[in-house]
Amino acid sequence: MRIGFLGSISCGKSLTISGLLGSGVLDVNNVATTYSQTTIRHSLDGSSTLVDQTGEVAATTIPDIRAKLASAHSGAERNVSNRVEHILTTPIQFLEGLEEESKHVEILDWPGFNEAKYSENGWKRGSVQEYVKNLFKSVDIVINVLNYSQLDVGDDQRALQELHEHRPDILQASGQRLFFLVNKIDQRGFRDSTIEETRTHVKKMIESYFDDVSISRESIICVSASNAELARDLKKRQLEQDGIDWCLDRYNLDHEDELFEDKFVERLYRKSGFQKF
């Protein structure tokens, strides 16, 4: 079973996948960081290994893997022909304890769909969109990551139209083979829509793109990948002092001990939406 993560530039795809993995092994940033495909497989022995498309082992520690992926993405220079694809074998948190099933699962981290310009005649030849469009043909499940602060921009509409054309079987199976993650929900302001109102808005927005598609509300989940990452770092006590100071101010806490309490970490993770995801 191949699970492809679809989304526009910097919607948080890699950070969302990191939330599922339970580790910070993928290269993430506030700008476009993924320029080639990384196929992720579950590691049964707890180790992490990055292999390039020639079969050569590129890295075996998380810092080295992050550095290697960052280097590969920056070196791609947004040219499809130069892209080096990788296979990453690392523990996947939601597959732990499912030894037999995990052998048949792959997660695909793709570039942002709107990295190259879109023209009225379709995707530019050799562009990222064409590259990702071809990957549609090989997946069983698509998880469309939406940026809460850019829901009505239109880039996701173009991606879903391509999915509609090339894989209508997936688009017609929301809640089973297609899911929508509204990421960065932590950026909601005091006067913004509630979680349920946001889900309703997303359902209507996506259905407005097509005449023959009905989206299940259960397929729309609001998440905060950054909160999930923070909860993971707190649990592992991997937060630097400036991060601790930011958290104390952000959550109005008096002492560091409160920040690392299991009760606070569990509440933060629940609020991230990843438990439901």
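For the reader, a short list of remarks on this structure follows.
- Gap separating the Cα centres of the range 190-247 and the range 158-172, nearest whole Å: 23 Å
- Table column - 3J(HN,Hα) (Hz), the range 55-65, Karplus curve with 6.51, -1.76, 1.60, x for Gly and Pro: x, 7, 6, 9, 6, 9, 10, 4, x, 5, 5
- The length gained on full extension between residue 261 and residue 186, counted as 0.36 nm times the residue separation minus their Cα-Cα distance, comes to 24.9 nm.
- Here the contact order of the range 139-181, divided by its residue count and restricted to Cα pairs under 8 Å and six or more residues apart, works out to 64 percent.
- Between residue 99 and residue 61, full extension at 0.36 nm per residue minus the direct alpha carbon distance yields a gain of 11.4 nm.
- On the principal axes of its alpha-carbon atoms, the range 185-277 has extents of 54, 26, 20 Å, going from largest to smallest.
- Long pairs among 13/276; 103/276; 184/271; 13/184, criterion Cα-Cα beyond 19 Å: 103/276
No value in this document is a laboratory result; all are computed from the given coordinates. Predicted model, so just to flag it, every value in this text is computed and none were measured.
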